[in-house]
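Asks: Just passing along the structure, written as structure tokens.
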Amino acid sequence: MRKLFSSLLALISFAAFAAEVIPPAPKLYCNDYADVISISARESLNQRLADFERETSNQILVAIFPKMQSSSSIEDYTVRVAQAWKVGQKDKNNGAVLFVFIQDRKMYLQVGYGLEGALPDAVCKRIIEDEIKPHFKSGDFNGGVTAGVNAILAATKGEYKVTGRTRAEPLILYGNPKNDSGLPTMLIIIFAIILLFIILPLFSRRRGWVYGSGGYSGGWSSGSSWSGGGGSGGGFSGGGGSFGGGGAGGSW
């Protein structure tokens, strides 16, 4: 039974990775692939974040997408994207990325190892819930992203304090490893779902994700190129930073 369970877990992991797309590393600090914030706001945020890296070496990015292109949880997916982009300096791991998925109405602030002291989970949750969410609920994406960036920069400087009004969400454990009752039935159901809705489509047709010199297509696009909607003030280049899942998320 344990071997069967391990095999199914491996199959689930393979299916999840095969069904998702990791977008290419952006060229800007503020990247709006959903076109929900104004050009002036993008340029202002890009300039501020570029200046912030020059002053502190910390790399802070904003990435706004129309929707998630993964069957994984937002936490697992965004940590893989942040890791692939290598945000933060290699010797400091001092990067953070604010991910926003408009159609899913979800967001997640991923924090690199080196900034987890300044941006612990509780502070990230406070920023999500108290600074960004109220703006997003009213449709003010300019205000929400700007407020979020302001709070993130303040926190990395030690100028943003948690008052206790918002606490990090408790860790949710799925399943009970000590309880095997009903396990065979559950495994059969999981396997059937994976086979019907994930594995078979992967082998029956090619997915329509295309990377090219002209940009990216297949669900995410922003104008005619993969540029995050344009901007000025300096370009982003990953420094080799690492992520381990620190941060917090929320919905609106």
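Asks: Evaluate the following for Ser40: is it farther than 16 Å from Gly144 by Cα, out of contact with any strand residue (DSSP E or B) (no Cβ under 9 Å at 6 or more places or on another chain) and not in a strand (DSSP E or B)?
Replies: Considered against the rule, which asks whether it is farther than 16 Å from Gly144 by Cα, out of contact with any strand residue (DSSP E or B) (no Cβ under 9 Å at 6 or more places or on another chain) and not in a strand (DSSP E or B), Ser40 comes out as no.
Asks: Moving to a separate point now. May I ask you to verify whether Ile37 is at pLDDT 90 or above and either touching a helix residue (DSSP H, G or I) at 6+ places or on another chain (Cβ under 7 Å) or not polar (S, T, N, Q) (or both)?
Replies: Answer is yes for this residue.
Asks: Only one residue in Thr56, Thr146 is within 23 Å of Asp35 (Cα to Cα) and among the β-branched types (Val, Ile, Thr), so which one is that?
Replies: Within the list Thr56, Thr146, the selection yields Thr146.
Asks: Shifting gears a bit: Please work out which one of (1) assigned to a helix (DSSP H, G or I); (2) in contact with a strand residue (DSSP E or B) (Cβ under 9 Å, 6 or more places away or on another chain) is the condition Asp130 fails and give its number.
Replies: Asp130 satisfies all of (1) assigned to a helix (DSSP H, G or I); (2) in contact with a strand residue (DSSP E or B) (Cβ under 9 Å, 6 or more places away or on another chain) except (2).
Asks: For segment 18-28, how many residues are more than 14 Å from the chain's Cα centre (by Cα) and buried (at least 17 other Cβ atoms within 10 Å of the Cβ)?
Replies: Going through segment 18-28 one residue at a time, the tally reaches 2.
Asks: Now for a separate question. If we scan segment 55-65, do we find a residue that is touching a residue at least 60 places away in the same chain (Cβ under 8 Å) and charged (D, E, K, R)?
Replies: no
Asks: Another question, then. In this structure, is Ser44 hydroxyl-bearing (Ser, Thr, Tyr), more than 25 Å from Gly240 (Cβ to Cβ) and surrounded by fewer than 17 Cβ atoms within 10 Å (Cβ to Cβ)?
Replies: no
The values are calculated or read from the model by the stated rules, or taken from the named source; none is laboratory data. Bear in mind that the values here come from a model prediction, so they are computed numbers and not experimental data. Using ideal geometry, Cβ is built from the backbone for each residue, glycine included, and neighbour counts are taken over all protein chains shown.
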